[in-house]
Amino acid sequence: MKIAVASGKGGTGKTTFSVLFARAIAPALYVDADVEEPNGGIFLKPEIVHEQDFAEPVPKIIPEKCTYCGECARACPYKAIVIIPPPAKKDLFFPELCHSCGVCAFVCPEKGALIEVPKKKGVVRVGKTQDLDFMEGILNIGEPSAVPLIRELKRKIKDYPGDVVIDAPPGTSCPVVEATEDADFVILVAEPTPFGVHDLSLVVEMIEQLSLPHAIVVNKAQEGNFIVEEYAEKKGIEVLYRIPFSEELARMYSKGNLPFDDFREGLKSLYERIKERVG
């Protein structure tokens, strides 16, 4: 079963819940797909056994073959190439705008004038911690899109034989869609504040558009504060679990530690409820 953990914004406790949940249901695979700021490894402390560069093709113009017709620049939807025609005969390439779509090479009328060369955009790291398998993607700073690296992580876990917990990026943008779109179930982590409920409503709308089964986990829950539960009741969404607000938990978190044993049994029960819903 592939379970994605998402949130409407950063700072809700999405990764806190993800690592607690993954450790509770182990043996399993934890995948940190929040590739722009992965931090699950801080708490799981895996031994990394393999690291692989992730690269995608980017265009390279061969001056002696290029006629500087400008077809590549006109076709590029991201304006990553600028061609200055004769007599200047110059080209400019802006790698931070390139999405490696390949259209420039496809439309080039001169054979060999524009080739594609690999450009490193991040790394994929694989490891293990106790009985939990671990994988994370780390995107290079300045890359315009996290989607290709998330797609690579999903390709690598496609045939994993056990349960997979995907720690998705926060928000509702394209990387979140990529990380969650083929999950069997999505857990939405929210904090009980007006802003938290607002952002939760946005990610709920996204998940509903994807027609994915989902439920809510409340983090930093406090007695007498049921703002998330009230929203969930109106929307007909189940609240699966409440992580109580705890200064001690916050102090442990700040040091890169979490009380895994304290949550193990409760999260195992949550897992069984998800299995019943997924069938």
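Quick note: the coordinates plus some simple rules give every number you see, no bench work behind them. Since the model is a prediction, treat every value here as computed from it, not as a measurement. Don't worry about glycine lacking a Cβ; one is built from the backbone with ideal geometry, like all the others, and counts go over all protein chains shown.
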Among Leu202, Leu212, the single one that is of a type in the set (A, V, I, L, M), farther than 12 Å from Thr12 by Cα and in a helix (DSSP H, G or I) is Leu202
What number of residues within region 223-236 are part of a loop (DSSP other than H, G, I, E, B) and surrounded by 13 or more Cβ atoms within 10 Å (Cβ to Cβ)? 2
Do we find a residue being over 24 Å from Arg251 (Cα atoms) and over 28 Å from the mean Cα position of the chain (by Cα) anywhere in region 49-61? yes
Can you tell me which residue is surrounded by the fewest Cβ atoms within 10 Å (Cβ to Cβ) among those in region 136-157 that are within 13 Å of the chain's Cα centre (by Cα) and over 9 Å from Val35 (Cβ atoms)? Arg151
